[in-house]
Amino acid sequence: MFALIDCNNFYVSCERVFNPALEKKPVIVLSNNDGCAISRSNEAKALGIPMGAPAFKFEKFFRKNKVEVFSSNFPLYGDMSSRVMGILSKFTPNIEIYSIDEAFLKFEGFENYDLEYYCQNIKDMVFKWTGIPISIGIAPTKALAKVANRIAKKFPNKTEGVYLMNSEEMRIRALKWLKINDVWGIGFKHAERLKSININTAYGFINLEDNWVRKNMSVIGLRLKKELEGKSILELEEVRSAKKAIATTRSFESTISDYKKIKESDNFDDILNSNLREKIIEYLLNRSLALKLDQSILVHAGIPPIWSKEDVFYYSDHVKLNMQSLNAEKFIDSIYSNKPNKFTDSLSMIDKSTYAINALTRMRFCSKQGELDYNAKGNFNLNPLGYKPWFLHANENLKNTDIFFGHWSTLKNFNQPKRYHLDTGCVWGNKLTAIRFEDKQIFSVGCN
């Protein structure tokens with residue numbers, strides 16, 4: 001059996017732990033640089049505040065309804081997440097930390113246990129030791145555990161926050177209740193396609209022919225169907241398959257495989273051997289992959305054409321929180337990969353994090369669907385077949401947003417509205433470039 005543990009309104013719950021006066025009040029937590037709502041209390045949800053609500057558009061609404069608004073405190077959330085995950089690991093050695101506020105547990109050898117009672121004890125202990133409320137769904141597969149967790153959260157008075165799905169009757173009833181767009185792993189496009197053929201529930205989905213699902217939703221969709229049918233296909237990702245290291249240094253026992261050979265001097269030894277090492281690492285752990293400057297975005301490489309501003313900061317924040325958690329070492333071991341090079345809603349959170357890191361820090365050329373090319377590094381008119389510079393793809397979500405970026409020292413004759421390129425090759429002896437934010441005037445000095 002699997003269990004999916006989800007911390008309820010996690011960021012808000014963290015704030016309430018240290019400020020109990022917030023209980024029963026509408027509370028929201030804003031994303032990086034106070035952009036949009038990324039966590040809402042039940043009271044805030046009842047007011048109709050949507051996830052991702054832009055703070056500047058809802059400012060009057062917040063004041064009128066006495067909504068408590070907090071800037072995100074990521075070191076706090078990372079610490080509280082680590083405490084919760086540490087407690088969960090005491091109940092079974094088989095744990096997959098799925099995200100900052102979610103974890104899968106696998107109960108092997110628990111045949112003689114009352115799992116509902118056992119998980120009530122987990123829920124009570126997490127709340128007693130951390131003050132964080134959680135919901136738990138228990139089922140024979142990971143996908144069904146997700147469904148069970150949704151039921152536990154949706155009907156807290158009946159379930160007391162724990163729902164055990166352990167019969168065929170319960171499985172069928174749950175799948176008939178669950179809307180297709182709420183099924184874990186089915187993104188917006190697949191949901192719309194399924195609804196167009198009158199598949200509106202998870203139960204309708206599992207009654208489709210396997211061949212149709214595989215043809216239209218790939219093997220990933222077929223695996224999901226099998227999981228919802230009660231056949232366990234997806235195992236825990238306790239330790240990700242070995243991704244290849246980006247470099248070999250005297251401080252890490254790693255090998256170079258998928259990545260091109262680099263010079264022995266191209267490593268982190270100067271930092272790792274510095275007496276300021278701890279301060280430097282602490283500084284880096286508190287940096288984000290993307291920064292919000294008023295209504296502008298500062299990013300190292302670029303933004304995929306399929307992403308909105310909310311996507312940028314959501315995945316940037318997620319990576320930052322994982323880097324600050326006690327599980328950072330495992331997270332870092334999992335993210336060094338060129339795959340996935342295309343973003344889909346069905347990706348696991350660790351794969352979405354890998355894509356976010358590569359897109360925001362390495363991307364130059366991509367397809368209009370956001371598929372990344374890692375090889376081409378020349379000027380923007382030297383694009384590989386099927387790819388264009390990320391900034392030449394239409395992005396309706398960000399067409400009026402100023403974006404400042406670097407990572408492309410070979411970029412010449414660049415002139416794109418609302419896009420500001422600042423990498424002019426100082427590291428290679430060319431120029432160091434800065435921009436005055438108020439009037440966008442460029443300043444450059446030589447680096448020889």
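Size check on the chain: the Cα extents along the three principal axes, sorted descending, read 72, 54, 49 Å.
Can you pick out the pairs among LYS45/LYS106; LYS215/LYS342; LYS45/LYS368; LYS309/LYS339 whose Cα atoms lie more than 26 Å from each other? If you can, show how the numbers build up before the last one.
On the way: LYS45/LYS106 32 Å; LYS215/LYS342 19 Å; LYS45/LYS368 34 Å; LYS309/LYS339 23 Å.
Checking Cα-Cα distances, LYS45/LYS106; LYS45/LYS368 exceed 26 Å.
Rounded to the nearest 10 square angstrom, SER296 shows an accessible area of 10 square angstrom against a 1.4 Å probe.
Shape call for segment 270-363 from the C-alpha gyration tensor, a ≥ b ≥ c root eigenvalues: rounded (a/c under 1.5), prolate (a/b greater than b/c) or oblate? It comes out oblate by the Cα gyration axes. Just checking the listed ones, VAL427, VAL29, VAL183: in the Gaussian network model of the chain with Cα springs under 10 Å, the one fluctuating most is VAL427.
When the alpha-carbon atoms of segment 1-126 are used, the pair Rg, Dmax equals 16.9, 55 angstrom.
What do you get for Rg/Rh over segment 66-153 if you use C-alpha atoms and the Kirkwood form of Rh?
That ratio equals 1.00.
For the chain, modelled as a Gaussian network with Cα springs under 10 Å, which listed residue fluctuates most, ALA328, ALA376, ALA290? Residue with maximal mean-square fluctuation among ALA328, ALA376, ALA290: ALA376. Computed with a 1.4 Å probe on the full set of protein chains, the accessible area for LYS309 sits at about 40 Å². Extension gain, LYS440-ASN73: 0.36 nm per intervening residue step, less the Cα-Cα distance, totals 129.0 nm.
In the chain, taking the dipole from charged Cβ atoms about the Cα centre, the farthest positive-side position among THR201, GLN416, GLY109 is held by GLN416. Here the ratio of the Cα radius of gyration of segment 105-211 to 2.2 N^0.38 Å is 1.20. Taken about its Cα centre, segment 4-60 carries a charge dipole of roughly 180 debye when the Cβ of each Lys and Arg holds +1 and the Cβ of each Asp and Glu holds -1. Counting only other residues whose beta carbon sits under 12 Å from that of SER232, what net charge do I get with K and R as +1, D and E as -1? Combined, the nearby Lys, Arg, Asp and Glu give +1. Per residue, the chain exposes an accessible area of 53 Å² to a 1.4 Å probe, with every protein chain left in place. CYS119 sits with roughly 0 Å² accessible to a 1.4 Å probe, with DNA, RNA and ligands left out of the calculation. Segment LEU392..SER89, full-extension length gain: 104.4 nm, with 0.36 nm per residue of separation and the alpha-carbon distance subtracted.
Ranking HIS393, PHE91, GLY425 by how far each Cα lies toward the positive end of the dipole of the chain (charges on Cβ) leaves HIS393 at the top. Within the accessible area of the chain, the carbon and sulfur atoms contribute 51%, probe 1.4 Å, all protein chains present. A Förster radius of 41 Å combined with the Cβ-Cβ distance from LYS24 to SER232 puts the calculated FRET efficiency at roughly 0.55. Please give the FRET efficiency for TYR374 paired with ASP114, using the beta carbon to beta carbon distance and R0 = 60 Å, rounded to the nearest 0.05. Once rounded, the FRET efficiency stands at 0.75. By its C-alpha gyration tensor, with a ≥ b ≥ c as the square roots of the eigenvalues, how is segment 380-432 shaped: rounded for a/c under 1.5, else prolate for a/b larger than b/c, else oblate? Oblate, since a/c reaches 1.5 and b/c is not below a/b.
Here the relative contact order of the chain, from alpha carbon pairs under 8 Å that lie six or more residues apart, stands at 12 percent.
Under 17 Å from a label point 7 Å along Cα→Cβ of VAL427: give me every residue in segment 362-401 with its amide N that close. Counting backbone N atoms under 17 Å from the label point, the list is 362-365, 374-379. Basic side chains Lys and Arg get +1 at the Cβ, acidic Asp and Glu get -1 at the Cβ, and with that the dipole of segment 1-142 about its Cα centre reaches some 700 debye. May I ask which residue of SER316, PRO305, ASN273 lies farthest towards the positive end of the charge dipole of segment 271-326, with charges of +1 (Lys, Arg) and -1 (Asp, Glu) on Cβ and the Cα centre as origin? The Cα lying farthest towards the positive end belongs to ASN273. If you run the Gaussian network model on the chain, springs between alpha carbon atoms under 10 Å, then out of GLY185, GLY378, GLY48 the most flexible one is GLY48.
The values are calculated or read from the model by the stated rules, or taken from the named source; none is laboratory data. A quick note: this is a predicted structure, and the numbers were derived from the prediction, not measured. Because the Cβ atoms are built from the backbone with ideal geometry, glycine has one as well, and the counts that use them run over all protein chains shown. What goes into the accessible areas is simple: the full protein's heavy atoms, side chains included, and nothing from ligands, DNA or RNA. Shrake-Rupley method; radii C 1.70, N 1.55, O 1.52, S 1.80 Å.
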